[in-house]
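Visitor: Pasting a structure here, questions to come.
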Amino acid sequence: MKKLQAVKGMNDLLPADSPYWQYLEATITDVVQGYGFQEIRFPILEATELFKRSIGEVTDIVEKEMYTFLDRNDESVTLRPEGTASCVRACEQHQLLYNRGTIAQKLWYMGPMFRYEKPQKGRLRQFHQIGVEAYGIASADADAELLIMTARLWKTLGIDDAVELQINSLGTNEARANFRAALVDFLSANEAKLDEDSQRRLATNPLRILDSKDADTQALLADAPDLADFLDDESREHFALLQRYLTAAGVKFTVNTRLVRGLDYYSRTVFEWVTNRLGAQGTVCAGGRYDGLVAQLGGQNTPAVGFAMGLERLVLLVQELNAFPKDISRAADVYLLALGNVIPEAFALTEQLREQAPHLRVQMNTGAGSFKSQMKKAERSGADVVLILGEDEASAGEVTVKYLRSDEPQQTIQQQQINQIFV
Ligand code: ATP
Ligand code: MG
C-alpha cells in the first residue's frame, strides 16, 4: 500500500516547532492589538469570483496559483490565497465600514493561505499570514502608523537589524496608466531582450515586469521610464508626508521606485520589509494602500491600507538570528516523579502548585516507572526542577526538590512550602 503523506508543499507543524509559532503569534497579536487593531476571522474557502475581481485576472496568483475547484453543487470555490479580499468581503457583508458614524475600522487576521507554487525554503503551498487592514482613512498617517507598528514589532522580536523597509508610491490609477503606457512603449521597442514571462506580461500586466527576477530584463529596465516621474501632485504630497512621518518616528526606509506589488488592487503607497538573511525568499512583510478595492467589490468608496506578513519566513528569520527566547520549546518547567503508591498525593500536590504558580509548566509523571525511567522522562521534558514524591515523603507530607541545571543541593521540604521555591 502506498504510504500516506501530506500534500506537497503543505507542512505539519510538529511539537518541537509549535512553541516558536505560538511565541510569534502571541507577540504579533500583542503588538497589533496595542495599536487598537481588532481581530476578524473569515472562512478559508470563498467564491472564486471574489479573488478574480479583487486580486486581478492577470496576476500570478489568479492565473496560476489558486486552488480552485467545483464543489458538489458545481459552484466554483477557491482556497483563499490571501486575506485582504475576504476581509473586504466580510466588512461589506456585515456593514462594518459605514455604521459607526465615522468610517474607520482597524482589523487584523491570521491563518493559512493557499497558493500552488513551487515549494522551497520560505515558499509553501499552504503558508500562514498575519494581516492588518485599516479602512476609512485616506491620509498618509494611516500608512505611516502601519509601518511604525511593524517597526516596533521587529524591535520587540529582536530582528530590527535584519530587516529593511522599502517604500514606493504607485500614484493614482491615472498616473499609473500614464506610466504603464510609457513603460509599454519602451519595452515594446526592446521586446526581444525580455525574458519569456515578461514578454507575455507586456500585453497583460506590464508593471509586473519591473519585478522580474531575470538578469537581462533587469539590465534593460535600468533605462526604463521611472514611475516617480509620473506621479500626480496629490500622490507626491501623500508620499512626502509618509516619509516625513516615518522619519519623525525614527523608522528608516529606502525609496525603491521599481517596487510594484503582485496584486492589482494597490494605489499610492506600496512597501516591503525585506531581509538578506533568507536567500531568495527575502520579503517578510508586504502591503500598501488600496483605495479602490472596496468600491470595486461593490461597496462605497472607502480608502484602505494594509499588509500581510509571512509567518514561515518570520519563524525562519527569528531562528536564523537566534532571537527566540531561551527554553521556549521545553515541555515543562517542573517534573514530578510519582514513585510507588502515591498517585492521589501526587495529583493533590501538582494541582496545589498549579494553583499557586499558574505561570509554571508542571508535568506529573503518569504511567508509573522506576526512578531511573521517570528521571529520563523528566530530563527529556526540559524541566530544570524535579519533584520527587515517594511513599515516605507522601506520608510525611514532604517532597524532595532536585535541581537539574544548577549546583544547588537537593532538599526535602514540607509540601506546604513548595510555592516558596517557585516565586
Ligand atoms: P513573493 O514575491 O515572495 O511571491 P508575494 O508578493 O506573492 O510574495 P504577498 O501576496 O504580498 O506576497 O504576501 C505577503 C507575504 O506573505 C509575503 O511577503 C511573504 O512573506 C508571504 N508569502 C507569500 N507567498 C508565500 C508562500 N507561498 N509561502 C510562504 N510565504 C509566502
Ligand atoms: Mg508570490
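Residues are listed down the side, and each one gets a yes or a no for (1) open to solvent by 10 Å² or more (accessible area, probe 1.4 Å); (2) within 23 Å of D264 (Cβ to Cβ); (3) of a type outside the set (S, T, Y):
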{"position": "A151", "(1), (2), (3)": "yes, no, yes"}
{"position": "D161", "(1), (2), (3)": "yes, no, yes"}
{"position": "I167", "(1), (2), (3)": "no, yes, yes"}
{"position": "A177", "(1), (2), (3)": "yes, yes, yes"}
{"position": "A182", "(1), (2), (3)": "yes, yes, yes"}
{"position": "F186", "(1), (2), (3)": "yes, yes, yes"}
{"position": "N190", "(1), (2), (3)": "yes, no, yes"}
{"position": "D197", "(1), (2), (3)": "yes, yes, yes"}
{"position": "R201", "(1), (2), (3)": "yes, yes, yes"}
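Visitor: Please verify whether region 331-347 includes one or more residues that are surrounded by 12 or more Cβ atoms within 10 Å (Cβ to Cβ), without any contact (Cβ under 8 Å) to a residue 40 or more places away in the chain, under 18 Å from P15 (Cβ atoms) and under 34 Å from the mean Cα position of the chain (by Cα).
Guide: no
Visitor: Name the residues in region 68-84 that are under 30 Å from F307 (Cβ atoms) and either away from ligand 2 (no atom under 16 Å from the Cβ) or open to solvent by 20 Å² or more (accessible area, probe 1.4 Å) (or both), would you?
Guide: The answer is T68, F69, S76, V77, L79.
Visitor: Of all the residues that make up region 114-127, how many are part of a strand (DSSP E or B) and more than 8 Å from ligand 1 (Cβ to nearest atom)?
Guide: Adding up the residues that qualify gives 3.
Visitor: For region 101-113: of the residues being modelled with pLDDT under 95 and on the phi < 0 side of the Ramachandran plot, which is farthest from ligand 1 (Cβ to nearest atom)?
Guide: Result: T102.
Visitor: Moving on. Any chance you could count how many residues in region 213-249 are open to solvent by less than 60 Å² (accessible area, probe 1.4 Å), under 20 Å from E164 (Cα atoms) and touching a helix residue (DSSP H, G or I) at 6+ places or on another chain (Cβ under 8 Å)?
Guide: 5
Visitor: A further question follows. Going residue by residue through region 2-22, is there one that turns out to be closer than 28 Å to F324 by Cα, buried (at least 17 other Cβ atoms within 10 Å of the Cβ) and hydroxyl-bearing (S, T, Y)?
Guide: For region 2-22, residues closer than 28 Å to F324 by Cα, buried (at least 17 other Cβ atoms within 10 Å of the Cβ) and hydroxyl-bearing (S, T, Y): present.
Visitor: Now for a different question. Quick one: would you say V88 is part of a loop (DSSP other than H, G, I, E, B), over 30 Å from A332 (Cα atoms) and in contact (Cβ under 8 Å) with a residue 12 or more places away in the chain?
Guide: Spelling it out, it is not the case that V88 is part of a loop (DSSP other than H, G, I, E, B), over 30 Å from A332 (Cα atoms) and in contact (Cβ under 8 Å) with a residue 12 or more places away in the chain.
Visitor: Kindly indicate the residue of region 282-311 that is within 16 Å of ligand 2 (Cβ to nearest atom) and more than 18 Å from W108 (Cβ to Cβ) and also most open to solvent (accessible area, probe 1.4 Å) among those meeting that condition.
Guide: So the residue we want is T283.
Visitor: Let me ask something else. Output the residue which, of all residues in region 103-115 that are out of contact with any strand residue (DSSP E or B) (no Cβ under 6 Å at 6 or more places or on another chain) and either open to solvent by 20 Å² or more (accessible area, probe 1.4 Å) or within 16 Å of ligand 2 (Cβ to nearest atom) (or both), is nearest to I40 (Cα to Cα).
Guide: Only one residue tops the list, namely A104.
Visitor: Ok, one more. Name every residue in region 44-67 that is within 15 Å of ligand 1 (Cβ to nearest atom), open to solvent by 10 Å² or more (accessible area, probe 1.4 Å) and assigned to a loop (DSSP other than H, G, I, E, B), in order of residue number.
Guide: V58, M66
Visitor: Out of all the residues in region 381-404, which are out of contact with any strand residue (DSSP E or B) (no Cβ under 9 Å at 6 or more places or on another chain) and of a type outside the set (G, A, S)?
Guide: E391 - this is the single residue of region 381-404 that is out of contact with any strand residue (DSSP E or B) (no Cβ under 9 Å at 6 or more places or on another chain) and of a type outside the set (G, A, S).
Visitor: Of the residues that sit in region 264-280 and are open to solvent by 20 Å² or more (accessible area, probe 1.4 Å) and touching a helix residue (DSSP H, G or I) at 6+ places or on another chain (Cβ under 7 Å), which one is farthest from R152 (Cα to Cα)?
Guide: Residue satisfying both the conditions and the ranking: R268.
The values are calculated or read from the model by the stated rules, or taken from the named source; none is laboratory data. Given the structure is predicted, the values throughout are model-derived calculations rather than measurements. Using ideal geometry, Cβ is built from the backbone for each residue, glycine included, and neighbour counts are taken over all protein chains shown. Side chains are part of the model used for accessible areas, which takes the heavy atoms of the whole protein and leaves out ligands, DNA and RNA. Shrake-Rupley method; radii C 1.70, N 1.55, O 1.52, S 1.80 Å.
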